[in-house]
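The values are calculated or read from the model by the stated rules, or taken from the named source; none is laboratory data. For clarity, every value in this text was computed on a predicted model and none was experimentally measured. Here Cβ is always computed from backbone atoms with ideal geometry, including for glycine, and neighbour counts include all displayed protein chains.
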């Protein structure tokens, strides 16, 4: 297998925003780089273990697993490298102590192999509910994802999950119909965003009784948790675009740190009044700018209420203007981060100029 590493230089003069626009293929390059990095990491770890502990590799069946990986077509291998279950297992395998006893190493190799096969099988299983490439899960969520679920929600024991799977009134199939409609509307408004949604959001876990509207985190990137709090297609659209934006930033920050100290300070978000540290504030600024760009497009779409959308757009842009003054190129940003926030501000300036020239909607 040939491993290729792509390097995309970010400078403070002109940094990409990674928004899915025609004028910038940075998002595509970022995702290719992320997946090839995982491929190389997996290969390096397996080959190191095979060199230092050949018996362990064979007994844990990791050798045959790696041979299967090598034989996959390049596009399928890339898709597998982007699967959250594979990524989570790889994170665990990366922490393995190669000086540990063989019994420990065999168990770790077997765990990596099992997760690899679950991810590969999930991609190929036609019985898995999905929209496009994105898997839809509820009580059958992979155990590695359940382990990293948001701490505010605890999955019930396996027996309880099995019982609820047969008793839930709001079934996953019903949610799938609604989510597919919301994603179709997103595709009508912003085709590039819909196309890249499948590649960044690989698993949606719909948990009806979760105590939040939506959730995601860098530690399990590629996975989005959704509750049943969204009561309209418009609200679900907003949640899906919102979480898509988080996935972009998780990938950006995994490749190139933007902040020196993201935990610095406590800031009030102008859109909701919630409090966040600087890392959370930067995420919010990025997400709401993405939402503003989305709703600017939605205001021109026949399937959306232009008046409703423009009211929401006005609220979002007002918050962006208020937040903008808090983002200056100071010591909290790395060089890459300074260039990134500068590009976001320029994007906001251009958006404001377009909005100032747009005709007011007719009520």
Next item on the list: Report yes if some residue within the stretch 333-342 is surrounded by fewer than 21 Cβ atoms within 10 Å (Cβ to Cβ), touching a helix residue (DSSP H, G or I) at 6+ places or on another chain (Cβ under 6 Å) and either assigned to a loop (DSSP other than H, G, I, E, B) or touching a residue at least 12 places away in the same chain (Cβ under 8 Å) (or both); otherwise report no.
Entry: no
Check: Condition test on residue 87, is it buried (at least 16 other Cβ atoms within 10 Å of the Cβ) and in a helix (DSSP H, G or I)?
Finding: yes
Next item on the list: Specify the residue that is modelled with the lowest pLDDT; the eligible residues are those in the stretch 35-82 that are outside any helix (DSSP H, G or I) and under 14 Å from residue 114 (Cα atoms).
Entry: 60
Notebook entry, point to check: Which helices (runs of 4 or more DSSP H) does the stretch 145-211 wholly contain that include 2 or more residues that are in contact with a strand residue (DSSP E or B) (Cβ under 9 Å, 6 or more places away or on another chain) and either at pLDDT 95 or above or surrounded by 13 or more Cβ atoms within 10 Å (Cβ to Cβ) (or both)?
Noted result: 172-189, 191-200
Next item on the list: Could you please find all residues in the stretch 90-141 being farther than 20 Å from residue 205 by Cβ and touching a residue at least 60 places away in the same chain (Cβ under 8 Å)?
Entry: 109
Notebook entry, point to check: What's the number of the condition residue 62 fails, among (1) under 26 Å from residue 196 (Cα atoms); (2) surrounded by 18 or more Cβ atoms within 10 Å (Cβ to Cβ)?
Noted result: (1)
Next item on the list: Mind listing just one residue for me: the one in the stretch 295-304 that is closer than 10 Å to residue 188 by Cα and in contact (Cβ under 8 Å) with a residue 60 or more places away in the chain and, of those, surrounded by the most Cβ atoms within 10 Å (Cβ to Cβ)?
Entry: 298
Item checked: Scan of the stretch 239-263 for residues that are in contact (Cβ under 8 Å) with a residue 40 or more places away in the chain, within 28 Å of residue 328 (Cα to Cα) and in contact with a strand residue (DSSP E or B) (Cβ under 9 Å, 6 or more places away or on another chain), ordered by number -> 242, 243, 244, 246, 247, 258, 259, 260
Next item on the list: Scan 307, 328 and give me the residue that is assigned to a loop (DSSP other than H, G, I, E, B) and either at pLDDT below 95 or surrounded by 17 or more Cβ atoms within 10 Å (Cβ to Cβ) (or both).
Entry: 328
